[in-house]
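To start, the structure under review is shown below, and the notes come after it.
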Amino acid sequence: MTPSRYRRILLKISGEMLAGTQAYGIQPDILHTLAEEISEVVKMEVEVALVIGGGNIFRGIAASATGMERASADYMGMLATMLNALALQNALEKREITTRVLSAIEMRQLAEGYIRRRAIRHLEKKRVVIFAAGTGNPYFTTDTAAALRAMEIGADVILKGTKVNGIYDSDPVTNPKATMFEEVSFLTVLNKRLKVMDSTAITLCMDNKLPLIVFNLSETGNLKRVVNKEKIGTLVTTTPKHP
Ligand code: UDP
């Protein structure tokens, strides 16, 4: 029998999400709302792993466009994810949620180093695991880190929390006639270059048949709804009902 809710999830939160209405940095009320949403599903005994972006603070590709060496800029981007991870850890712990930050770049005084088996053990003990520093490699994104870690820990699904309701055939911000997909295939996402995650992340999910749900994380209660398998957002699979 298929379980009625997901057992182990990997939630990807972009840096942009943490910035809220600000152009830069972390908006405190957003941080606390997110922590509240996450703590609700932790209380449901769901095992939660988080990958946090850094785009609200520093994006490697943007800095390299202004002349900085790409690899150095990317390492700065990875450090930015650590700032967000520590902020989220603090907000969760204020709600008495036990957390561990696991970093792909060693920062011993701040976080544990990433060890796959250790991450799984923390999850089994119902600790929220926050993966920081992306994959630890330049030229990648935290979306790819999310796909990679989700596979490594055996997550049931990747949940990509965004500010929009799901995946649209065109940009809903600029085109009022844009329509949202209920389900879509990874191949369509790649071929139509739909802005979901970068192609490396999408390919990784597709090759390993890991489902992805893109949904609106800024709406209260949505995380809980997705975890309970309510039909919200867009489901990306290898075998969508209406490809
Ligand atoms: N980054 C990287 N390798 C990784 C993950 C991230 O080099 O595995 C760098 C890259 O410069 C990126 C920045 O960290 O621009 C912040 O991550 P990302 O842009 O994915 O954050 P988000 O868009 O989710 O806020």
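The values are calculated or read from the model by the stated rules, or taken from the named source; none is laboratory data. For clarity, every value in this text was computed on a predicted model and none was experimentally measured. Calculation scope for accessible area: heavy atoms of the full protein, side chains included, ligands and nucleic acids excluded. Shrake-Rupley method; radii C 1.70, N 1.55, O 1.52, S 1.80 Å.
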Query raised in the report: In percent, what relative contact order does the chain have, based on Cα pairs under 8 Å that are 6 or more apart in sequence?
Result: 21
Query raised in the report: Cα to Cα, under 12 Å, and not fewer than 8 places away if on the same chain: which aspartates and glutamates meet these conditions relative to Lys192?
Result: Asp169
Query - Rg ratio (alpha-carbon, reference 2.2 N^0.38 Å) - the chain - result: 0.95
Report task. Please report, in whole Å, how far the alpha carbons of region 179-242 spread along each principal axis, starting with the longest. Result -> 32, 22, 21
Query - 5 angstrom amide H check on Val101, placed H, neighbours 5+ away - result: Glu112, Ile130
Report task. Give the accessible area for Lys12 in Å² (nearest 10); use a 1.4 Å probe, count only protein heavy atoms, and leave out ligands, DNA and RNA. Result -> 10
Query raised in the report: With each run of n ≥ 4 DSSP H residues scored as -39500 (n - 2.57), what mean residue ellipticity at 222 nm is computed for the chain after dividing by its residue count and rounding to the nearest 500 deg cm²/dmol?
Result: -11000 deg cm²/dmol
Requested in this report: Take the solvent-accessible surface of the protein heavy atoms, probe 1.4 Å, and return the percent of it on region 173-243 that carbon and sulfur atoms account for.
Outcome: 52
Query raised in the report: Sequence-distant or interchain residues sharing an amide H contact under 5 Å with Ser170, placed H: which?
Result: Thr179
Query raised in the report: For all pairs of alpha-carbon atoms in region 1-77, what percent lies in each bin of width 10 Å, listed from the first bin to the last filled one?
Result: 17, 35, 27, 15, 5, 0
Query raised in the report: If you roll a 1.4 Å probe over the heavy atoms of the protein chains, what accessible area per residue do you get for the chain, in Å²?
Result: 49
Report summary line: Applied in sequence order to region 108-117, the curve 6.51 cos²θ - 1.76 cosθ + 1.60 (Karplus, θ = phi - 60°) yields integer Hz couplings, x standing for Gly and Pro, of 3, 6, 10, 7, 6, x, 6, 9, 3, 5
Report summary line: Checked region 132-243 against the a/c 1.5 cut and the a/b vs b/c comparison, axes a ≥ b ≥ c from its Cα gyration tensor; verdict rounded
Report task. Report, to the nearest whole %, how much of the accessible area of region 68-111 belongs to carbon and sulfur atoms, 1.4 Å probe, protein only. Result -> 50
Requested in this report: Report, as a whole number in µm² per second, the diffusion coefficient that Stokes-Einstein gives for region 1-143 at 10 °C and 1.306 mPa s using the Kirkwood radius over alpha carbon pairs.
Outcome: 102
Query - For region 75-131: rounded, prolate or oblate by the Cα gyration tensor [a/c cutoff 1.5] - result: oblate
Report summary line: Calc'd 3J(HN,Hα), region 25-39, phi into Karplus 6.51 cos²θ - 1.76 cosθ + 1.60 (θ = phi - 60°), Hz, glycine/Pro = x, comes to x, 10, 8, x, 5, 5, 4, 6, 5, 4, 4, 5, 4, 5, 5
